Amino acid sequence: TTMKQVIAVVLLAGFAAACGNTSSMGPTGPTAQTVMTGTWAGSASDSSSSMGAGSLMGQTGMGTMTWPLTQNGSMVTGSMAFAGMPGQMPGVFSGTMAGDEMAFTIDMPMTSMMSSGCTARATGTARVDSTRMTMTGTYNGSNSCTGAFTNGQMTMTRR
């Protein structure tokens, strides 16, 4: 074999490998994997808003709700807290992205709520506007002490 033939084979092999390797680009492009990572802040209201302490979201005077989130593929994990509450009422956040929509669950463990013997869970769906870095969503849930809450509406903006 000549040197020209060896160079041609190496170039063709490199070209074939470059053309065939699309694993780093998903069907929605590379930026879709990092949209949710960051701290989101906003507010929520639901049927429990007028109940006072013990409901999951929407209590008057709870302050800004924050979600520090991390995205890994389609999975989104993080926490939730309310600025105006003692100990910030920390909760656990998990979600799954599908395009610009995220199904999510928020769990408030016993030790996080003002009524220490209560737990709460909310599930919902949020639509993300990656141009404005906002999300709006709906949710419903249940509090072990006060019962179901419905008609949840939330709006968040990434800081």
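Would a scan of the range 141-154 turn up a residue that is in contact (Cβ under 8 Å) with a residue 40 or more places away in the chain and over 18 Å from S47 (Cβ atoms)?
No, because not a single residue in the range 141-154 is in contact (Cβ under 8 Å) with a residue 40 or more places away in the chain and over 18 Å from S47 (Cβ atoms).
Among G52, G38, which is at pLDDT 95 or above and open to solvent by 20 Å² or more (accessible area, probe 1.4 Å)? Can you show your working first?
Values: G52 fails: at pLDDT 95 or above.
Every option except G38 fails the conditions.
Just wondering, is there one or more residues in the range 101-112 that are over 19 Å from A41 (Cβ atoms), without any contact (Cβ under 8 Å) to a residue 40 or more places away in the chain and of a type in the set (D, E, K, R)? Break it down stepwise before answering.
Quick first cut of the range 101-112, residues over 19 Å from A41 (Cβ atoms) only: 101, 103, 105, 107, 109-111.
The next check asks that each one be without any contact (Cβ under 8 Å) to a residue 40 or more places away in the chain; those that pass are 101, 103, 105, 107, 109-111.
Retained after the next criterion (residues that are of a type in the set (D, E, K, R)): 101, 107.
Yes, the conditions are met somewhere in the range 101-112.
Return the residues of the range 119-159 that are outside any strand (DSSP E or B), modelled with pLDDT of 90 or more and either of a type in the set (V, I, T) or open to solvent by less than 40 Å² (accessible area, probe 1.4 Å) (or both); say none if nothing qualifies.
T131, M133
Looking at (1) within 19 Å of S43 (Cβ to Cβ); (2) hydrophobic (A, V, I, L, M, F, W, C); (3) in contact (Cβ under 8 Å) with a residue 40 or more places away in the chain, which is the only condition F82 fails?
Among (1) within 19 Å of S43 (Cβ to Cβ); (2) hydrophobic (A, V, I, L, M, F, W, C); (3) in contact (Cβ under 8 Å) with a residue 40 or more places away in the chain, the lone unmet condition for F82 is (3).
The values are calculated or read from the model by the stated rules, or taken from the named source; none is laboratory data. These numbers were taken from a predicted model, which means no experiment stands behind them. Cβ coordinates were reconstructed from backbone atoms using ideal geometry, including for glycine residues, and neighbour counts include every protein chain displayed. SASA here: full protein model, heavy atoms, side chains in, ligands and nucleic acids out. Shrake-Rupley method; radii C 1.70, N 1.55, O 1.52, S 1.80 Å.
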